[in-house]
Amino acid sequence: MLGFFLRRFGVMVLTAMCLTLIVFSLVNLQPNLEKLAKEQNNMRMTDQQVTIWLQEEGFDRPLLTRYAEWAGNFVTGDLGDSTRFRKPVSEIVGERLYLTGKLMFWVMVVMVPSALLVGVLAGMREGSFQDRSLSTFAIATTATPEYVSGVVFTVIFSSKLVGLQWFSGSASKAMDGITFYNFTLPVMTMAIYGMGYIARMTRASMAEVMTAQYIRTARLKGVSFRSIVVKHALRNALIAPFTVIMLQFPWLLTGVVIVENLFNYKGFGWLLVEAAGNNDIELLLSCSVVAVAVVLITQLISDIGYVYLNPRIRVKS
Amino acid sequence: MAKWDYDGPILEIENLSISFFTRAGEIPAVMDFSCIVQPGEAMGLVGESGCGKSTVALGVMQDLGKNGKIVGGSIKFKGRDLNAMTVAELRDLRGSEIAMIYQEPMASLNPAMKIGRQLMEVPMIHEGMSEGDAYKLALEVVESVRLPDPERMLKSFPHQLSGGQQQRIVIAMALMSKPSLLILDEPTTALDVTVEAGIVDLVKDLGEKFGTSMLFISHNLGLVMDTCDRLCVMYSGEAVETGSIAEVFDRMQHPYTQGLFRSIPLPGADKNARPLIAIPGNFPLPHERPEGCNFGPRCTYFEEGRCNKGEIPMFPAGDRHETRCLKFQEIDWTAPPDVAVKAEKTQAGDVILKVDTLKKYYEVAASALFGGGEKRVVKANETVSLEAREAETLAIVGESGCGKSTLAKVLLGLETATEGHVLLENNDIAMTPIERRDTRTVADVQMVFQNPFDTLNPSHSIGNQIIRVLEKFKVGNSQAEREEKMLELLDLVKLPREFARRMPRQLSGGQKQRIGIARAFAGGPKVVVADEPVSALDVSVQAAVTELLMDIQRESRTTMLFISHDLSIVRYLADRVMVMYLGHVVEMGSTDQVFAPPYHPYTEALLSAVPIADTSVEKKRIVLDGDIPSAMNPPSGCPFQTRCRFKSEVPGGLCEREVPPMRTLTDGHQVKCHLEQEILDRMEPVIKVHAAE
Amino acid sequence: MEPLGSFQILTTAVGHFLPVWIGLVLIMGASALFKRNLSLYGRLFDSPVGMIGLALVLFWVLTAIFADMVAPFDPLEQYRALKNKPPGMFETETGQAFLFGGDNLGRDVFSRMVHGSQTVMAIAPVATLFAFMVGITLGLPAGYYGGIFDTGLSFLANLVLAFPVILLFYLLVTPEIRSTAIPTTMAAVLFLIPIIFFIVFIYCRFSTRPDLMWKLLTPVILIGGFCYLHLINAWNPAGVWMDGNTLNIFVSVVFVNSPTVFRIVRGLTMDIKTRDYVAAAQTRGEGPWYIMMWEILPNARGPLIVDACLRIGYTTILLGTLGFFGLGVSPESSDWGMTINEGRKLLRLFPWAALPPALAIMTLVLGLNLLADGLREQSLKD
């Protein structure tokens, strides 16, 4: 068991290194560097001046050397300075990550239970009217990316045209204090898209379990339908969706970027766009590391959870 | 609802009809089915797949799913009509009064719930028992199904148990509330023969001990004979004959029952002198059932204008013996069958295949998920030696994990040997994987696979699949020639030529298996490995496919290695037999030598375990303890020592220390055992056939 | 002229789609009539969900085909007078109404929505097809051989999958990247794979019959080569097929989709290779590629078709995301994601500009998902 996690951890570190190397080489492509040079000095620099500036700043050294240097600094906690914000990267990232953390927390609180509930209710009686309507609802939500639902919700709930104006169409105030008024739309927008996928996985898993022989055994033992669902089916049915929920995180990141820009909530996603849009190399690199780390850690948790939930695997080792 | 007392029969089914409603319309699965089970009686339901026997069981349980519906008749349990019961009443009944056991023990147990919980649940629901009492009861019941270490069992998850243990747990679960009726749906089909014997033994004893009535569903007549008092033969949704075991087995009154008995290899059958007689034709699909008698089109006694007119009722044919045949009084049931052509016994030729001290070891990771880490060696084959001659049939017998499939893979070149030689006409192919074999060698060693539903690629037409084989074996010079050859092969396996254009899904199991045979013989092979070629087929089809295989082999003088766990069929068709256990050859000799004492202790147990559907046969009961050890972790010394009943007869714990050497007893009869010659000589035959009455 | 009321807007819009309705009725009617002979596609007409899905998808496909007939205005032409005007106002010169209003540059929202379908239809299905080719060509051997080869490829696939999609796009779909060799190199590699796929596909089946093999291989190599040179912009006698922008987007979309397909194909292969018919093929001495391409792949088609539908939907969403961030697409284009992005800035005042493309994306993806669901349901019924 321990060996497994050590190996898993090794692969994780290797993946992180490969990914950061790719990001590093992509942001350090020659055109990007030239753009950086011009932005840092003036836009009408000659090619020769650019070359000289790049030489002075040490950008002409081999890529791997610079990557090793950057990685070394990164490990010791020196994340460099942002050219866009003119502040140390570590400061900015921490602050923005905290804001996004709050958003994610509420998204999870809304999304996961409702998705599981929809999935279980749909899957426990496969083919029934209840199943058909809930499944169609789930499919519809997976067809509604954040930039669609965000627009639709804003029009319905906060535009003058419809006139409901229940919620705020901007979440910029939520950065100081979350209220129902300013935070509902971003949370709802994000939760809706992710929810359908989890719900469908749960439904499929639940429907499969409900046709399993051991459910028939339980039924023919005289167990009531409610007990069958709660005691016999649920745990087996939740093994697959658990993995899915965890693997949703990398996907949610795209949502975070969209929603934060759509609702003007200046969190991590907003920061990423700023960094990419302004060719802010150090900031972009650190953002990538965070993103990759989140993905890899969730994958690890998903593995551990899978092993924990599934006794068939747990005891074997 | 408390259990109530009732003097009459436990179960009365009257004119039951069950249909499934699909988009294609109503499909009748069971029609006009009646039977009565008295208290303490065991009733067998026998028939081929699709005959409706399992549907009857589910009908009794009132668990037919969304599409199934009882469309006529009544099912009375202790005098109360189950059809009229509410959901809540049924729930009270299920598990407490009627319990059911099915085919796949692993699938029947909840993988995420400890066994104890699953057992305790029954009395806690039905009798409102406290957790402590339920636990005590569970311990008791687990002990009564003869499982070792009950406390540990209750704490385990299902996957930690072997198949045999799981099935015992399922039985224990069914017995937790001491039901009046136990329904067993093919409870041993997924298990090995020696394990099956243990379960059958247990079921019989428990039935006697608790006085439980049983409804035992099986396709195996021998198994029903071993366990039941009465039986009911079903065909295509109808009961065709019902009566006591003795009546039906010895005084059958229906042509289908007769056909069944003639198509299974009983001890007296012989492939040359008394060949099996297959029932002609195929099982009708539910929507293709004929007018009148369902069996009519396949029946030798069929009479136009009589058998295909109107409904045919059950006729009384003796004491609680009924038959659904119009002509049962006219048919001479004692007349011997028209034996087709008696074949000459073929003379074996030169040695074609010689395997010499072959070893095959696998290295596997200790656990699949956490791969890597420690590696374990699975010794799939240990010093296997054999010789097979031209036109000879060598049977390889053994249960799961005995290494017979690995041996086949090495012969075919799908795996290479770890050590030893495989000589195909003096050409050593043990270390040559299939990619490096020349076309001739590849075509020379071919295989017939076990599972007919898996043996043909569902995406390609039959004709194309056979032509591809011919292309690969470089048979024929042009496409037209190959086409012609393909049609000839279809003739050879007695299938109509139109089948060339069909897709595999349009074929029945038996037909697919025929295509598999045509494919194996396409390149004129010297050796054909047949891996349980008929075990997945229905009884009546088995005989036809077996005969076909034998005929083609006789014609082409091919050497056949017939892999099987079914000793009846082996005795019927093999010239020589090789018994394997956990990678070792434990006994080898001519068929007569192996089936007569002295036996290897394992062969003896195996012989005793195979159910034989013949009332004149008397078997010695030898039930092995426990399950087959895992090949990953074999016992020390003799592989069979953990289950051997003679172990104590060998002094000094020799069996645990040393693998016995292969000993030659008489001419060509070899046994791998430490037992003294004198003890071997004292062995009695397991199967005794009484003289006919 | 008086602006049109809501009901009139609706009827006029429905009227504009006339060619689409005709096509839809013809296709659906013919398919429903001959459904017994159309195998899996035909059985789709037994499932209401699948039929609705198919109708939605066909609607947008036909709209893309007949866009010029359906749209009353040029999607790029600006009419000052109708800037940010609500739905139903008339354009005086042509006498046609701006059915869904005008955007912030005075362009007709309805016509832009109709033309936007062309961008999606041109990229999403083809990119998905390429992603499948790549995923299949790599997934088959990974699943079949296992071992080091599988470990290596799986690691690479997981690497791409662990990469947050949005970050990847920000790095790959930029004007700066276009001036480097990266997109063309990636295109050169990715587009080569389908040609290799078809050559291997034909070779391993017909190498026993060389005359037939060459008859089949020659057109594949010629047509494939011709398309290939066009796609990588190396030789363009039939005009440029993909400008730098589109190529860049195309390659990135194929790149992020392939690893998922790879994983699916790998899993299916590992499952199917244990079947007896694969063993039967091995025992008659078939080569590994024949087994992968002709024994395993045809039997994996069911789940792959279902996934392809879902994946086209996902690609549509991805293209919308790209447009939404203004990545890659030219600023003038009527791309749906792009239009949403422009419209959202004034969303609370003039919501009509962003809403139609948003609903368009939603209905198309919904159609694809329903279609996939219907196909899955029907394919399981055997």
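The values are calculated or read from the model by the stated rules, or taken from the named source; none is laboratory data. Model, not experiment: these values are computed from the prediction. Because the Cβ atoms are built from the backbone with ideal geometry, glycine has one as well, and the counts that use them run over all protein chains shown.
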* To do: Could you please give the count of residues in the range B:144-192 that are crowded, with 22+ Cβ neighbours inside 10 Å, β-branched (Val, Ile, Thr) and either more than 19 Å from B:VAL122 (Cβ to Cβ) or within 19 Å of the chain's Cα centre (by Cα) (or both)?
  => 1
* Flag for C:ASP307 being farther than 25 Å from C:ASN245 by Cβ and within 19 Å of the chain's Cα centre (by Cα) -> yes
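Working carefully through the options A:GLY58, A:GLY119, A:GLY77, A:GLY10, find the one that is at pLDDT 85 or above and surrounded by fewer than 12 Cβ atoms within 10 Å (Cβ to Cβ). Quick ask: steps written out before the conclusion?
On the way: A:GLY58 fails: at pLDDT 85 or above; A:GLY119 fails: surrounded by fewer than 12 Cβ atoms within 10 Å (Cβ to Cβ); A:GLY77 fails: at pLDDT 85 or above.
Step by step, each of A:GLY58, A:GLY119, A:GLY77, A:GLY10 is checked, and only A:GLY10 is at pLDDT 85 or above and surrounded by fewer than 12 Cβ atoms within 10 Å (Cβ to Cβ).
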* To do: Would you check if B:VAL233 is among the hydrophobic types (A, V, I, L, M, F, W, C) and under 27 Å from B:VAL623 (Cα atoms)?
  => no
* Asked: Would it be correct to say that C:GLY374 is crowded, with 24+ Cβ neighbours inside 10 Å, facing another protein chain (nearest Cβ under 9 Å) and of a type in the set (Gly, Ala, Ser)?
  -> no
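From C:ARG348, C:ARG311, C:ARG266, grab the single residue that is part of a loop (DSSP other than H, G, I, E, B), closer than 30 Å to A:THR254 by Cα and more than 14 Å from chain B (Cβ to nearest Cβ). Write out each step before concluding.
Values: C:ARG311 fails: part of a loop (DSSP other than H, G, I, E, B); C:ARG266 fails: part of a loop (DSSP other than H, G, I, E, B).
Sole residue among the options that is part of a loop (DSSP other than H, G, I, E, B), closer than 30 Å to A:THR254 by Cα and more than 14 Å from chain B (Cβ to nearest Cβ): C:ARG348.
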* To do: Sort through C:PHE110, C:PHE132 and tell me the only one that's in contact with a strand residue (DSSP E or B) (Cβ under 9 Å, 6 or more places away or on another chain) and either of a type outside the set (Gly, Ala, Ser) or assigned to a helix (DSSP H, G or I) (or both).
  => C:PHE110
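Which residue is nearest to the other protein chains (Cβ to nearest Cβ), if the candidates are limited to the range C:221-244 and must be part of a helix (DSSP H, G or I) and surrounded by fewer than 17 Cβ atoms within 10 Å (Cβ to Cβ)? Give the steps one after another, and end with the answer.
Quick first cut of the range C:221-244, residues part of a helix (DSSP H, G or I) only: C:221-231, C:244.
With surrounded by fewer than 17 Cβ atoms within 10 Å (Cβ to Cβ) added as a condition, the list becomes C:221-223, C:225-227, C:229, C:244.
On the way: C:ILE221: 23, C:LEU222: 25, C:ILE223: 26, C:GLY225: 29, C:PHE226: 31, C:CYS227: 28, C:LEU229: 26, C:GLY244: 13 Å.
Applying the filter and picking the extreme gives C:GLY244.
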* To do: Scan the range A:224-267 for residues that are within 14 Å of chain B (Cβ to nearest Cβ), of a type in the set (A, V, I, L, M, F, W, C) and buried (at least 23 other Cβ atoms within 10 Å of the Cβ) and jot them down.
  => A:ALA233, A:ALA237
* Only one of these conditions is not met by B:GLY50: (1) in contact (Cβ under 8 Å) with a residue 60 or more places away in the chain; (2) over 20 Å from B:ALA138 (Cα atoms); (3) crowded, with 20+ Cβ neighbours inside 10 Å; (4) not basic (Lys, Arg). Which number is it? -> (3)
* Residues of the range B:99-119 satisfying the condition of being touching a Leu at 6+ places or on another chain (Cβ under 8 Å), under 17 Å from A:GLY222 (Cβ atoms) and more than 7 Å from chain A (Cβ to nearest Cβ) -> B:ALA99, B:ILE101, B:GLN118, B:LEU119
* **Subset of the range B:75-95 (residues that are away from chain A (no Cβ under 11 Å), closer than 18 Å to B:LEU215 by Cβ and assigned to a helix (DSSP H, G or I))** => B:LEU82, B:ASN83
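Hey, among A:MET124, A:MET201, which residue is surrounded by 21 or more Cβ atoms within 10 Å (Cβ to Cβ) and touching a Gly at 6+ places or on another chain (Cβ under 9 Å)?
A:MET201
Considering each of A:ILE156, A:ILE192, A:ILE198, A:ILE178 in turn, give the residue that is part of a loop (DSSP other than H, G, I, E, B) and β-branched (Val, Ile, Thr).
Details: A:ILE156 fails: part of a loop (DSSP other than H, G, I, E, B); A:ILE192 fails: part of a loop (DSSP other than H, G, I, E, B); A:ILE198 fails: part of a loop (DSSP other than H, G, I, E, B).
Answer to the selection: A:ILE178.
Residues are listed down the side, and each one gets a yes or a no for (1) within 10 Å of another protein chain (Cβ to nearest Cβ); (2) modelled with pLDDT under 90; (3) under 13 Å from B:ARG519 (Cβ atoms):
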| residue | (1), (2), (3) |
| --- | --- |
| B:ASP438 | yes, yes, no |
| B:THR441 | yes, yes, no |
| B:GLN450 | yes, yes, no |
| B:PHE453 | yes, yes, no |
| B:LEU456 | yes, no, yes |
| B:SER461 | no, no, no |
| B:GLN465 | yes, no, yes |
| B:ARG468 | yes, no, yes |
* To do: For A:ASP303, indicate whether it is more than 21 Å from C:LEU168 (Cβ to Cβ) and more than 9 Å from chain B (Cβ to nearest Cβ).
  => yes
* To do: Would you kindly identify the helices (runs of 4 or more DSSP H) lying entirely within the range C:20-95 that contain at least 3 residues that are modelled with pLDDT of 80 or more and under 24 Å from C:SER117 (Cβ atoms)?
  => C:48-65, C:67-70
* Asked: Among the residues of the range B:252-262, is there at least one that is in contact with a His (Cβ under 9 Å, 6 or more places away or on another chain) and not basic (Lys, Arg)?
  -> yes
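Report whether or not A:ALA138 is modelled with pLDDT of 90 or more, buried (at least 16 other Cβ atoms within 10 Å of the Cβ), in contact with an Asp or Glu (Cβ under 9 Å, 6 or more places away or on another chain) and within 14 Å of another protein chain (Cβ to nearest Cβ).
On the way: modelled with pLDDT of 90 or more: yes; buried (at least 16 other Cβ atoms within 10 Å of the Cβ): yes; in contact with an Asp or Glu (Cβ under 9 Å, 6 or more places away or on another chain): no; within 14 Å of another protein chain (Cβ to nearest Cβ): yes.
No, not satisfied.
I'd like to know if the range A:193-205 contains one or more residues that are within 31 Å of the chain's Cα centre (by Cα) and within 14 Å of chain B (Cβ to nearest Cβ).
Keep residues of the range A:193-205 that are within 31 Å of the chain's Cα centre (by Cα), which gives A:193-205.
From the residues that got through so far, the ones that are within 14 Å of chain B (Cβ to nearest Cβ) too are A:205.
Yes, some residue in the range A:193-205 is within 31 Å of the chain's Cα centre (by Cα) and within 14 Å of chain B (Cβ to nearest Cβ).
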